[in-house]
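One structure is given here, and the rest of the page talks about it.
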Number of protein chains: 2
Amino acid sequence: MKARKAVEEIDPYVPGRSKEEIAQEFGVKKEDIIKLGSNENPWGPSPKALEAIKEELNNINRYPESDVELLKKEFARYSNVKPENIIIGGDGADEILDTLAKTFIEKGDEFIVPLPSYMYYEFLFKPYGAIPNYAKWNLETNTLDLDSVLDAINEKTKMLFLCSPNNPTGALITQDEFRPILEKTNKSRGGVCDAIVVIDEAYVEYAEGTNVNLLEEYDNIFIIRTMSKVMGLAGMRIGYGISSPEIIEYMHRIKPVFSLTKLSYVAALATIRDTEYIEESIKKGIESREYLYNEINKMKSVKVFKSYSNFMLIDIHNTGYTAAELTREFMKRGMIVRDCTSFKGIDEYYFRISICTLEEDKKFIEAMKDILNE
Amino acid sequence: MKARKAVEEIDPYVPGRSKEEIAQEFGVKKEDIIKLGSNENPWGPSPKALEAIKEELNNINRYPESDVELLKKEFARYSNVKPENIIIGGDGADEILDTLAKTFIEKGDEFIVPLPSYMYYEFLFKPYGAIPNYAKWNLETNTLDLDSVLDAINEKTKMLFLCSPNNPTGALITQDEFRPILEKTNKSRGGVCDAIVVIDEAYVEYAEGTNVNLLEEYDNIFIIRTMSKVMGLAGMRIGYGISSPEIIEYMHRIKPVFSLTKLSYVAALATIRDTEYIEESIKKGIESREYLYNEINKMKSVKVFKSYSNFMLIDIHNTGYTAAELTREFMKRGMIVRDCTSFKGIDEYYFRISICTLEEDKKFIEAMKDILNE
C-alpha cells in the first residue's frame with residue numbers, strides 16, 4: 001500500500017526525549033529535572049482551571065459539547081474582536097494550522113516562511129502538497145529581512161507564516177513591515193496574489209502590541225493564539241485563530257467537531273476569565289526573562305538575543321561547543337534546553353532556553369557558568 | 001479569499017443541541033436530562049482513570065510527551081497484536097480517520113460505504129477530494145448487501161468503510177463477507193485495486209468476534225477502535241488504529257505530534273489496565289440492551305432491530321410520527337434520542353437509542369409507551 005507522494009517524501013517526526021529517558025540515561029532524578037526546552041509557563045496552571053476540571057471529572061464519559069460558543073465569546077472579549085472572528089482548536093494552535101491548510105491549500109501552492117522560524121508550519125503544510133519558499137530573518141540585527149519576504153511573494157503564494165515574537169529569535173515584526181506584505185498578497189489592493197498572512201502570536205502576551213487592529217483594514221490576515229504559553233495549559237491542547245468571518249466560516253465547515261476535550265474546555269474557560277493569573281504570569285515571566293538576559297549578557301563567550309517572548313536564543317560559536325554537545329552537558333546536570341540545530345536557516349551553534357522560576361533560573365545560570373568556565 | 005473547491009461544496013456541520021439549550025427550550029432541569037443519543041457508557045468513567053487524572057493535574061502546564069509507547073503497548077496487549085501495529089489518536093478515532101485520509105487520499109479517489117452507516121467518514125474524507133461510492137445495507141435482513149459492495153469496487157477505489165457492529169443498524173459483518181472484499185481490493189491476490197478496508201470496531205466489545213485475526217492474512221486491513229464507548233472516556237478523545245506496520249509507519253510521519261492531552265493519556269492508561277471496569281461495563285451494557293430490546297419488541301407500532309452494540313435502531317413507520325416529531329416528544333420529557341433522518345440510505349422514520357442505566361431505561365420505556373399509547 002503506497003502513501004501519497006507528498007507523504008512518502010516526509011521523514012518521520014523525531015520527538016524530543018522524555019524526562020524518563022533523560023533521568024535514566026544521565027542518572028538524575030526525574031522530579032529534579034528543570035525544563036527550559038518548551039516555552040511553557042513554569043508556575044503551573046491557574047488554580048481556577050484545576051477547580052473547573054475537578055468539577056467536570058465525573059462527566060468525562062460524555063462527549064464534549066460541539067457548541068463552544070461561550071469560550072468563543074471569552075476569546076473574543078480577551079482579543080477585542082467579535083465571536084464570529086474566532087475559531088477554536090482542540091489540538092492547540094496545531095489544529096488551527098492544519099485546518100487552514102486543509103481549507104485553502106491545493107497541491108503546488110507555495111508558502112513563505114522566513115528562516116529561522118517555527119518548524120511545525122512546514123511539518124503541517126507539506127503533506128498537503130504545499131511547497132516552501134524560504135525568506136530570511138536577519139540574525140545580525142534580529143529583524144525580519146522584509147525584502148526577502150516581498151521578493152518571495154509570487155502568483156503561486158497562498159500562505160505566509162510570520163511569527164511575532166519570532167520563535168526562536170524572540171524579536172517582533174512591526175506593523176510597518178506587515179503592511180507592505182499584506183498589500184502585495186491582496187489582489188484587491190494591487191497585489192500579485194491572494195494569500196493569507198498568518199501572524200503567529202503564540203507569545204504575544206510577553207510583548208506589547210498585538211496585530212489584531214490590522215484585521216479592520218485587511219481581510220487576508222489570520223492571527224494564531226495558544227493557551228500553551230502564558231495561559232499555562234500546554235498539556236490540554238487549546239488554541240484559537242482570529243480572522244475575517246469569511247475565512248472562519250470556511251474553516252468551520254471542515255474542522256474536527258469534538259476535538260476539544262471536556263476537561264480542556266472547562267480549563268480554558270476558567271483560565272481566560274482568570275485575569276489575575278494571566279497578569280501575574282506575564283509579570284513573573286518578564287522578570288525571569290530580564291534576569292536570565294542580564295546574567296547571560298555578562299558572559300564573554302556567548303551572545304544572547306534580546307527577547308520579547310518567554311524564551312531567548314543564545315549564540316555559542318565562541319564556546320568550543322556545538323549546540324548538541326552543550327545540550328548534553330546540560331542534560332547531565334538535569335536540565336533540558338533546546339538544541340536549535342534542527343531549525344532551518346541557522347547553524348549548529350545556537351540553543352534556546354525558556355523562562356523558569358527564579359530559583360530554577362539561578363541553577364541554570366550556575367550550570368552555564370560551570371560548563372563554560374565563565 | 002476562496003476555499004478549495006472540495007471545501008466550498010461542503011455544508012457547514014450542524015452540531016447536536018446542547019443540554020443547556022434543551023433544558024431552556026423545554027423547561028426541563030439540565031441535571032434530569034437522560035442522554036440516549038450518543039452511545040456513551042452511562043455508568044461513568046473508571047475510578048482509576050479519575051485517580052490518574054487527579055495525580056497529573058499539577059502538570060498540565062507542560063506539553064504532553066510525544067512518546068506514547070507505554071499506551072501503545074497496552075493497546076497492543078488488549079488487542080492481541082504488537083505495538084508496531086498500533087497508532088494512537090488524540091481526537092478519538094476521528095483523528096485516526098483524518099490521518100488515514102491525509103496519508104492515502106489523492107483527489108478523485110473513491111471510497112465505498114454501505115448505507116446507512118456512520119456519516120462522519122464522509123465528513124472527514126470529502127475535504128481531501130475523495131468521492132463517495134455508496135453500497136447498501138439490507139434493512140430487511142439487517143445484513144450487509146455484500147454484492148453491492150463487491151460491485152462498487154473498481155480501479156479508483158482507495159478506501160472502504162465497514163462498521164461492525166454497524167452504526168446505526170447494530171448488526172455484524174461476518175468474516176465470510178470481509179474475505180471476498182479483502183481479496184477484490186488487493187492486487188497481489190488478483191484484486192482490481194489496492195485499497196484499504198477500514199473495519200470500524202468502535203463497538204466491538206459489545207459483540208463477540210473482533211476481526212484482528214484477519215491482519216495475519218491481509219495487509220490491506222485497518223481496524224478502528226475508540227475509548228469513547230465501553231471505556232467511558234468519550235470526553236477525553238482517545239482512539240487507536242490497528243494495521244500493518246507499513247501503513248502505521250506512513251501515518252506516523254504526518255500524524256499530529258501532541259494531540260493527546262496529558263490528562264487523556266493518563267486516563268487511557270489507567271482505564272485499559274482496569275480489566276474489572278471494562279468487564280463490568282460490558283456486562284451491564286448487554287443487560288441494558290437486552291432489557292430495552294425486549295420491552296420495545298413488545299410494542300405493536302414499532303419494529304426494533306436486534307443489536308450487537310450499545311445502541312439500537314427503531315423503525316417507526318407505523319406510529320404516525322416522523323423521527324423529528326418523535327425526538328421532540330422525547331425532548332419535552334427530558335430525553336435525548338437520535339433522530340436518524342440525517343443518515344443517508346434511510347428515510348425519516350427511524351430513530352436510535354443508546355443503552356442507559358436500568359433506572360433510566362425504565363423511564364425511557366415509560367415515556368415511549370406514553371407517547372405511542374402502547
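The values are calculated or read from the model by the stated rules, or taken from the named source; none is laboratory data. Note that the structure is predicted; figures quoted are calculated from it, not measured. Positions of Cβ are generated from backbone atoms using ideal geometry, with glycine treated the same way; all protein chains shown enter the neighbour counts.
Quick notes on this structure:
- One residue from A:Asp98, A:Asp151, A:Asp145 being within 21 Å of the chain's Cα centre (by Cα), modelled with pLDDT of 95 or more and within 30 Å of A:Phe305 (Cα to Cα): A:Asp145
- Of the candidates B:Asn85, B:Asn41, B:Asn59, the single residue that is away from chain A (no Cβ under 13 Å) and either at pLDDT 95 or above or closer than 30 Å to A:Leu36 by Cα (or both) is B:Asn85.
- Residue list for segment B:62-82, filter: facing another protein chain (nearest Cβ under 7 Å) and touching a residue at least 40 places away in the same chain (Cβ under 8 Å): B:Arg62, B:Tyr63, B:Pro64, B:Glu65, B:Ser66
- Which listed residue, of A:Ser307, A:Ser301, is surrounded by fewer than 20 Cβ atoms within 10 Å (Cβ to Cβ) and not aliphatic (A, V, I, L, M): A:Ser301
- Verdict on A:Met227 being over 23 Å from A:Pro83 (Cα atoms) and surrounded by 22 or more Cβ atoms within 10 Å (Cβ to Cβ): no
- Segment B:268-290 - residue that is within 13 Å of another protein chain (Cβ to nearest Cβ) and over 20 Å from the mean Cα position of the chain (by Cα) and, of those, farthest from A:Ser18 (Cα to Cα): B:Tyr277
- Residue within segment A:222-245 that is assigned by TED's automatic domain parsing to the domain that holds A:Gly90 and farther than 27 Å from A:Ser309 by Cα present: yes
- Pairing residues of segment A:328-353 that are free of Cβ contacts under 8 Å to residues at least 24 places away in the same chain and farther than 19 Å from A:Arg289 by Cα with residues that are crowded, with 16+ Cβ neighbours inside 10 Å and of a type in the set (D, E, K, R), at Cβ distances under 6 Å and at least 6 apart in sequence or on separate chains, gives A:Thr341/A:Glu348.
- All positions within segment A:215-257 that are out of contact with any Leu (no Cβ under 6 Å at 6 or more places or on another chain), more than 8 Å from every other protein chain (Cβ to nearest Cβ), farther than 30 Å from B:Ala130 by Cα and not hydrophobic (A, V, I, L, M, F, W, C): A:Glu216, A:Glu217, A:Arg225, A:Thr226, A:Lys229
- Test: B:Ile355 is under 18 Å from B:Thr143 (Cα atoms) and aliphatic (A, V, I, L, M): no
- Any pair with Cβ under 9 angstrom, 6 or more apart, that starts in segment B:17-32 at a residue that is assigned by TED's automatic domain parsing to the domain that holds B:Thr327 and ends at one that is surrounded by 11 or more Cβ atoms within 10 Å (Cβ to Cβ) and among the hydroxyl-bearing types (Ser, Thr, Tyr): B:Ser18/A:Ser66
- Index of the failed condition, A:Asp109 passing every other in (1) buried (at least 19 other Cβ atoms within 10 Å of the Cβ); (2) more than 10 Å from chain B (Cβ to nearest Cβ): (2)
- Yes/no for B:Ser66 being surrounded by fewer than 20 Cβ atoms within 10 Å (Cβ to Cβ), in the same structural domain as B:Ile336 (by TED's automatic domain parsing) and hydroxyl-bearing (Ser, Thr, Tyr): no
- Considering segment A:244-260, the residues that are over 21 Å from the mean Cα position of the chain (by Cα) and of a type in the set (Val, Ile, Thr) include one that is surrounded by the fewest Cβ atoms within 10 Å (Cβ to Cβ), namely A:Val257.
- Residue list for segment B:127-172, filter: touching a helix residue (DSSP H, G or I) at 6+ places or on another chain (Cβ under 6 Å) and of a type in the set (Phe, Trp, Tyr): B:Tyr128, B:Phe161
- Checked against (1) facing chain B (nearest Cβ under 8 Å); (2) under 28 Å from A:Asn138 (Cβ atoms), A:Tyr293 passes all but condition (1).
- Within segment A:181-215, the set of residues being touching a residue at least 40 places away in the same chain (Cβ under 8 Å) and assigned to a helix (DSSP H, G or I) comprises A:Val204, A:Glu205, A:Tyr206, A:Val212, A:Leu215.
- When B:Thr185 is tested against (1) crowded, with 17+ Cβ neighbours inside 10 Å; (2) of a type in the set (S, T, N, Q); (3) under 30 Å from B:Glu8 (Cα atoms); (4) out of contact with any helix residue (DSSP H, G or I) (no Cβ under 7 Å at 6 or more places or on another chain), exactly one condition is not met: (3).
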